[in-house]
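Here's the structure we're looking at; comments come further down.
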């Protein structure tokens, strides 16, 4: 230990390297070489290129995420990694290796290990929904729980449009987790709909929080457009108070606008979450409608 003035310093016996070895896993965090501005990987702490550090500002509504599969080494059973050794390319690693994301990865790995032990299974077999629920119960801030609004390109002057006693909710009124892309076909509500690009299964969701104009019974219509490439088993979860109902929606079919999920007693608010967990095609989210009964 060296004493300099009133401060004491411990001389390190070994040096650590910011960029070090990473594991190979089923998931990979990477920055596309041709476009460093891909929304889903804009970490905005810094990106270390060959010519130096390139700080990038996070776009409003964009939340960078690290897939859990990047923490599970390939062909392993009971091993999890966290921090700068996760499966990632050099450029992505330069942004994700900072303290905040390493802390979040460590918490996720610990929670997954605890669930695996409780279920007598391997960490890779732990349902992602249960892992997220446990992390949230511990006070973790989940992707999508942001103070920032959706990107400006999705914004509308009115997120909820009242038609008589009914309400229309565009996807701009929802909170998206993971990378969703804007669709090219016509949307029923608002200028655009979102789709999951048929990737990142189990890692993406869109959640609407809707408030009824007055207490009563309301039908909830889920809007989407159909195509043979759509998912035939899109999970939609409706939560009202302590009551939770889960529906499987075939998005290759509709009644022309989407589908009515059911009629519900809504005294105040309801949340509707569309997920891409276990889906077999593109998941589409256009909007919701509350229909007074």
Members of the range 192-222 that are exposed (fewer than 14 other Cβ atoms within 10 Å of the Cβ) and either at pLDDT below 90 or in a strand (DSSP E or B) (or both):
211, 214, 217
All positions within the range 197-213 that are free of Cβ contacts under 8 Å to residues at least 40 places away in the same chain and either closer than 15 Å to residue 263 by Cα or in contact with a strand residue (DSSP E or B) (Cβ under 8 Å, 6 or more places away or on another chain) (or both):
none
Working carefully through the options 106, 110, 52, 95, find the one that is at pLDDT below 80, under 25 Å from residue 205 (Cα atoms) and either buried (at least 16 other Cβ atoms within 10 Å of the Cβ) or not assigned by TED's automatic domain parsing to the domain that holds residue 274 (or both).
95
State all residues of the range 228-245 that are closer than 20 Å to residue 195 by Cα and under 24 Å from the mean Cα position of the chain (by Cα); if no residue qualifies, say none.
229, 230, 231, 232, 233, 234, 235, 236, 237, 238
Consider residue 182 carefully, then state whether it is more than 15 Å from the chain's Cα centre (by Cα), assigned by TED's automatic domain parsing to the domain that holds residue 288, at pLDDT below 85 and surrounded by fewer than 18 Cβ atoms within 10 Å (Cβ to Cβ).
no
Note: among 254, 248, just one is without any contact (Cβ under 8 Å) to a residue 40 or more places away in the chain, under 28 Å from residue 125 (Cβ atoms), surrounded by fewer than 21 Cβ atoms within 10 Å (Cβ to Cβ) and more than 16 Å from the chain's Cα centre (by Cα), namely 248
Collect the residues in the range 55-92 that are at pLDDT below 70 and in a loop (DSSP other than H, G, I, E, B), keeping them in residue-number order.
55, 56, 57, 58, 59, 60, 61, 62, 63, 64
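The values are calculated or read from the model by the stated rules, or taken from the named source; none is laboratory data. From a predicted model like this one, the values you see are computed outputs, not experimental measurements. FYI the Cβ positions are ideal-geometry reconstructions off the backbone, even for glycines, and counts take in every protein chain you see.
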